[in-house]
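Colleague: Below is one structure. I have some questions about it.
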Amino acid sequence: MIRLSNKKILLCVTGGIAAYKTAELTRLFKKNLAEVRIIMTKSAQEFVTPLTLQAVSGNQVHYSLLDEEAELGMGHIELAKWADVILIAPCTAESMSRLAQGRANDLMSAVILASDAQLFIAPAMNVKMWEDKVTQMNLATLKSKDVLFIGPDSGEQACGDIGEGRMSEPDFIASKIAESFTSSLLNGKKILITAGPTKEAIDPVRYLTNKSSGKMGYALAEAAYLAGADVSLVSGPVNIIPFNGIKLININTADEMLAEVKALTDQIDIFIGCAAVADYKPVIFEKLKIKKTDDEEISLKLIKNPDILQYASDHMTDKLVIGFSAETDNVIENAKIKLLKKNLDMIICNDVLNKEIGFDSNDNEVHLITNDDVIKLSKTSKLKIAKQIIKSIELLIKT
Ligand SMILES: Cc1cc2nc3c(=O)[nH]c(=O)nc-3n(C[C@H](O)[C@H](O)[C@H](O)COP(=O)(O)O)c2cc1C
């Protein structure tokens, strides 16, 4: 369940007996490093106190739609945007009915209506309530809206009846949520990704670098890992903590990056060169700080750095080699030239003059270029772009 780490789970608790199990469910999510926020309906608070769930989640519990203070903090729209997934556990017959009707008369239903996040429902109710025609119609309506159901299980119920309607056990629900974050597109594949800038020292206190933040490379590493790959990330200096489970190798210079890439060449199936490697480095590294002189001008002599993408293309002929191209003009044409010149399987290019999608921004908009195709991925978060790139890589593997 390690793949739950960093994931934002919005857990909604409604008024059923099984509400007592949500403390254990929350504990499981937290143990697996997920971030959990909780919404409770009015009835849910009769079954378990907000204080209990606040203590286990480590966050204040949300329960009121019309609360000025809550709206000033994390209001209903913020909660809707915050969530990676929304889970209702337990979900009563009443809540299923409200959601099937598209109501927004309490915090939970308003947040769900306003959110793009995948909704999971773990129903819990008496067998007769579950089998009731209207409940079954609500189930069908919600399924048609792509809501995913976990359970219910069959067995003895709190009321003594036997049949379908028990909420699934917390560990089963947690594992289903974890599964939703993983795909098996790259199961068993070994991927090497380079990310971030390189830092080429001039003297002990100065260096040449660039504006790369590493966000795209780290997002790709996360997406590849979530797709089942074994991911090694060779990264220049950035301020990002990689997703749990990714093997991080820190470097500073292009030479160091090349050495790490060389060491892994025989062990990988796919290479993605996303790092912004400095094209040139100072010819001489001055061991002592260069002193200011009376000269108005001084020169810094530069020498070409190794071309790591070219190395990968030349030495990984039986593997997929994918490069990035940060361009400021003739974006697609220049990228196509690079694709051919470096004999790559795919090049991903973007316009780094555009501040909304270029270096250091959270969003990106790219073109994926292969010998046969040019596909535009419209502007969205770097993680969403990364997931789409991973899907395209899977298609490349198949063809
Ligand atoms: C003791 C008790 C247990 C209940 N258990 C359930 C239950 O397991 N499932 C269910 O659908 N409703 C159950 N109900 C009824 C709900 O609490 C009621 O329909 C409530 O309005 C649900 O509101 P909510 O969905 O907004 O939380 C129970 C009621 C009581 C008094």
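The values are calculated or read from the model by the stated rules, or taken from the named source; none is laboratory data. Values in this document were obtained by computation on a predicted structure and should not be read as measured data. Glycine also receives a Cβ, built like all others from the backbone with ideal geometry; neighbour counts cover every protein chain displayed.
Colleague: Being closer than 24 Å to ASN244 by Cα, surrounded by 24 or more Cβ atoms within 10 Å (Cβ to Cβ) and either among the charged types (D, E, K, R) or out of contact with any Phe, Trp or Tyr (no Cβ under 6 Å at 6 or more places or on another chain) (or both) is the filter here, so list the residues in the range 3-37 that pass it.
Modeller: Of all residues in the range 3-37, those closer than 24 Å to ASN244 by Cα come to 3-11, 24-37.
The next check asks that each one be surrounded by 24 or more Cβ atoms within 10 Å (Cβ to Cβ); those that pass are 4, 9-11, 25-26, 29, 34.
Across the range 3-37, the qualifying residues are LEU4, LEU10, LEU11, LEU25, THR26, PHE29, ALA34.
Colleague: How about the range 83-114: which of its residues are more than 8 Å from the ligand (Cβ to nearest atom), under 15 Å from LYS145 (Cα atoms) and free of Cβ contacts under 8 Å to residues at least 40 places away in the same chain?
Modeller: GLN101, GLY102, ARG103, SER109, LEU113, ALA114
Colleague: Please go through (1) assigned to a helix (DSSP H, G or I); (2) acidic (Asp, Glu); (3) closer than 20 Å to ILE9 by Cα for ASP146 and return the number of the only condition it doesn't satisfy.
Modeller: Against the list (1) assigned to a helix (DSSP H, G or I); (2) acidic (Asp, Glu); (3) closer than 20 Å to ILE9 by Cα, ASP146 comes up short only on (1).
Colleague: Please determine, by comparing only the residues of the range 38-51 that are more than 12 Å from the ligand (Cβ to nearest atom) and in a helix (DSSP H, G or I), which one is surrounded by the fewest Cβ atoms within 10 Å (Cβ to Cβ). Lay out the reasoning, then the answer.
Modeller: Of the residues in the range 38-51, the ones more than 12 Å from the ligand (Cβ to nearest atom) are 38, 49-51.
Next, only the ones that are in a helix (DSSP H, G or I) stay: 50-51.
Working: PRO50: 16, LEU51: 10.
So the residue we want is LEU51.
Colleague: Let me ask something additional. What single numbered condition from (1) more than 10 Å from the ligand (Cβ to nearest atom); (2) of a type outside the set (Asp, Glu); (3) in a helix (DSSP H, G or I); (4) in contact with a helix residue (DSSP H, G or I) (Cβ under 7 Å, 6 or more places away or on another chain) fails to hold for ILE77?
Modeller: Going through (1) more than 10 Å from the ligand (Cβ to nearest atom); (2) of a type outside the set (Asp, Glu); (3) in a helix (DSSP H, G or I); (4) in contact with a helix residue (DSSP H, G or I) (Cβ under 7 Å, 6 or more places away or on another chain) one by one, ILE77 breaks only (4).
Colleague: Every residue in the range 115-133 that is more than 12 Å from the ligand (Cβ to nearest atom) and either surrounded by 15 or more Cβ atoms within 10 Å (Cβ to Cβ) or not in a loop (DSSP other than H, G, I, E, B) (or both), please. Steps first, answer last, please.
Modeller: Start the filter on the range 115-133 by keeping residues that are more than 12 Å from the ligand (Cβ to nearest atom), which leaves 115-120, 131, 133.
Answer for the range 115-133, where residues must be more than 12 Å from the ligand (Cβ to nearest atom) and either surrounded by 15 or more Cβ atoms within 10 Å (Cβ to Cβ) or not in a loop (DSSP other than H, G, I, E, B) (or both): SER115, ALA117, GLN118, LEU119, PHE120, GLU131, LYS133.
Colleague: Conditions: (1) part of a loop (DSSP other than H, G, I, E, B); (2) in contact with a strand residue (DSSP E or B) (Cβ under 7 Å, 6 or more places away or on another chain). ALA312 meets all but one. Number of the miss?
Modeller: (1)
Colleague: If a residue has to be among the charged types (D, E, K, R) and modelled with pLDDT of 95 or more to count, how many in the range 61-97 make the cut? So that I can check it myself, show each step before the final result.
Modeller: Within the range 61-97, the subset among the charged types (D, E, K, R) is 67-69, 71, 78, 81, 84, 94.
Still in the running and modelled with pLDDT of 95 or more: 94.
Number of matching residues: 1.
Colleague: Among the residues of the range 52-69, how many are more than 15 Å from the ligand (Cβ to nearest atom) and either under 17 Å from ALA18 (Cα atoms) or crowded, with 18+ Cβ neighbours inside 10 Å (or both)?
Modeller: Quick first cut of the range 52-69, residues more than 15 Å from the ligand (Cβ to nearest atom) only: 52, 54-60, 66-69.
Filter once more, keeping what is either under 17 Å from ALA18 (Cα atoms) or crowded, with 18+ Cβ neighbours inside 10 Å (or both): 52, 56-57.
Of the residues in the range 52-69, 3 are more than 15 Å from the ligand (Cβ to nearest atom) and either under 17 Å from ALA18 (Cα atoms) or crowded, with 18+ Cβ neighbours inside 10 Å (or both).
Colleague: Can you give me the number of residues within the range 316-356 that are part of a helix (DSSP H, G or I) and either surrounded by 15 or more Cβ atoms within 10 Å (Cβ to Cβ) or of a type in the set (A, V, I, L, M) (or both)? Before you say what the answer is, go through the steps one by one.
Modeller: Filtering the range 316-356 for residues part of a helix (DSSP H, G or I) gives 331-341.
Checking which are either surrounded by 15 or more Cβ atoms within 10 Å (Cβ to Cβ) or of a type in the set (A, V, I, L, M) (or both) leaves us with 331-332, 334-340.
Adding up the residues that qualify gives 9.
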